[in-house]
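For reference, the structure is listed below as structure tokens.
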Amino acid sequence: MSKPLTVNNNIQRTLLAIIISMVLTIAYLTTIVSAAPAVLPPIFTGSEKMVSDDTPSPGGRIQYTIVVSNAGDFEEFVYVTDTLPAELSLITSSITLMDGDVDTELITWTANTVSWHGAIIGNEQLTIHYDAIVSDTLSTGDAFTNTVVITGGGQTVTRTATATVSEATDLYLPILFTPFSVPSFTSEPRPNADNEWTLTWDAMTGVSYVIEEDMNPNFTSPDEYTVNGSSRTFQHALTWNNEYYYRVKAVSNGQTSDWSETVHVIAGYRDDFNNDLSGWSTRRTTNIDKANSFYEEDQSWYVMSIQDKWDWALASPLRKAPAPPYEIEYRMIRVSNGNLISGGMVLGGDWNGEPCPDLSSVEGWYQHTNCFNNMYIQNMINLNRDRNDKFNVQFEVIDDLVWCLECGGSPMKRLGTIDTNLLENAKSDGWNVHTVRVRDSGIEFFNNGEYYYTINDTDYINNPYFGVFASTDEYNNSAWRVDYFQVKALND
């Protein structure tokens, strides 16, 4: 009887040891887990939506505040969308972003929506403020609710702010806001010969004005100026990026009006071809392999190269010239030597805003009608056989372009009127400075400072696009370098 008892005791002892070991292991693991810091996922439940006045009067101005709070430990990409109810009108100029390490450029809006998307790091928050006008058609007791939707980290959180219209009253209370009209520009600014122009607007006494200037019509990175008056003058150096946009708003007692309509100024232009950012490119060509243009590397020149007989091409940055009167000046040299090769410039070109050329097809390259269908061409033809290397200048008024492969010569026919004039003082083997003055009465031509011709045609002087041109006849290739190209307004 004693032997079985001994076996049972051994089993009991073994089981007890196993149980004690498991308990100690669990206790140890629990200690390790409890010692590790907790990592919280993004939590947006602390976000808020508030209104400055929950009992506004009809026509009153109220401010909404949205606080998007990421209480977690991780950075999270968030979408914030606030759609205003029909009872409110958004004041877009009042939208501001505060707090948090966020990208302020990611705020967008429409007539009734304020949106932001971007990353909010852990334990940070984003605050959005904007003002709105309560509809003056509402009656006492009418209620409206404004809701913001916050989405991120697999969560969607909504926050609301409700306001109830109170009865309009004439009680003698402090005036918190006196609305004033949106300013309007009173004239179309135009640059002068010094590339200077003045903006003017209707102004009120005791009110300051903030002007924004940008080269982008969306005012993505504007320069801002404060003015106590009704005008401000701007002046800039000539550059290839020559379009400026302006808007103005009134400021008084910490309140602002909406922005005015945008004014667009076409200023003077200059390109020294120091880099290829200025946008010159072939816009019309008869042979994409043999007639082209390009920036010459490390030389600060723009080159027109026509390598086969009868071909021609024109290049343009598709930038605008100021309204007439204005002056074009450019410096050009003939590189190749051949009889009847030609080069020059183009002005008065049209463009409908579509791709120029249309690269989607072969026909689009050659036969598109998106740009430079009408124009003036100053075409300097080199005569090196019996004219002592003089230039015979051919002035072309182009009314139409016709593609005709079977017609002989160039496949693209330039239709219109042509006049010629022998250019006596040109340097056929050197640089020439050409000047063209565009006036309401016609176009004047100068070479190396000397006047030599006028075209009285004015059909296309209000087409603002310009460029350079080169072509060949039946003998040799044609290559030309352009050192600079400048366009600026004339005072008279």
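Tabulated data for the structure shown
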read-out: Among the residues listed as PRO56, PRO42, the single one being at pLDDT below 85, surrounded by 13 or more Cβ atoms within 10 Å (Cβ to Cβ) and not acidic (Asp, Glu); value: PRO42
read-out: Of all residues making up region 72-113, the number that are outside any strand (DSSP E or B), modelled with pLDDT of 85 or more and within 20 Å of THR158 (Cβ to Cβ); value: 6
read-out: Residue in region 333-346 that is under 27 Å from the mean Cα position of the chain (by Cα), assigned to a loop (DSSP other than H, G, I, E, B), in contact (Cβ under 8 Å) with a residue 60 or more places away in the chain and in the same structural domain as ASP399 (by TED's automatic domain parsing) present; value: no
read-out: Test: residue in region 109-127 that is loosely packed, with under 12 Cβ neighbours inside 10 Å, within 25 Å of ASP258 (Cβ to Cβ) and free of Cβ contacts under 8 Å to residues at least 40 places away in the same chain; value: yes
read-out: Condition met for TRP310 (touching a residue at least 12 places away in the same chain (Cβ under 8 Å), assigned by TED's automatic domain parsing to the domain that holds VAL402 and at positive phi); value: yes
read-out: Restricting region 270-280 to residues that are part of a loop (DSSP other than H, G, I, E, B) and of a type outside the set (Gly, Ala, Ser), the residue that is modelled with the lowest pLDDT; value: ASN275
read-out: Residues being within 17 Å of the chain's Cα centre (by Cα) and either more than 27 Å from ASN491 (Cα to Cα) or acidic (Asp, Glu) (or both) - total across region 184-215; value: 3
read-out: Residue list for region 167-200, filter: of a type outside the set (A, V, I, L, M), in contact with a Pro (Cβ under 7 Å, 6 or more places away or on another chain) and modelled with pLDDT under 90; value: none
read-out: Qualifying residues in region 141-163 (those that are buried (at least 17 other Cβ atoms within 10 Å of the Cβ) and under 14 Å from ASP53 (Cα atoms)) - the one nearest to the chain's Cα centre (by Cα); value: ASN146
read-out: Qualifying strands (runs of 3 or more DSSP E) (wholly inside region 406-470; at least 3 residues being within 22 Å of PHE372 (Cβ to Cβ)); value: 412-423, 432-439, 442-447
read-out: Qualifying residues in region 471-492 (those that are part of a loop (DSSP other than H, G, I, E, B) and of a type in the set (S, T, N, Q)) - the one nearest to ASN192 (Cα to Cα); value: ASN491
read-out: Failed item in (1) surrounded by fewer than 23 Cβ atoms within 10 Å (Cβ to Cβ); (2) under 20 Å from ASN476 (Cβ atoms), with ASP358 passing the rest; value: (2)
read-out: Residue list for region 363-373, filter: in a loop (DSSP other than H, G, I, E, B) and in contact with a Leu (Cβ under 9 Å, 6 or more places away or on another chain); value: THR369, PHE372, ASN373
read-out: Test: residue in region 350-362 that is part of a loop (DSSP other than H, G, I, E, B) and hydroxyl-bearing (Ser, Thr, Tyr); value: yes
read-out: Output for region 201-215, where each listed residue is in a loop (DSSP other than H, G, I, E, B) and either closer than 17 Å to GLU261 by Cβ or modelled with pLDDT of 90 or more (or both); value: ASP202, ALA203, MET215
read-out: Leading residue by the ranking (surrounded by the most Cβ atoms within 10 Å (Cβ to Cβ)) among those in region 223-240 that are modelled with pLDDT under 95 and outside any strand (DSSP E or B); value: SER230
read-out: Residue that is under 30 Å from LEU405 (Cβ atoms) and among the acidic types (Asp, Glu), where the choices are ASP271, ASP289, ASP298; value: ASP289
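The values are calculated or read from the model by the stated rules, or taken from the named source; none is laboratory data. As the structure is a prediction and not an experimental result, all values here were calculated from the model. Ideal geometry is used to build each Cβ from the backbone, glycine not excepted, and the neighbour counts take in all protein chains shown.
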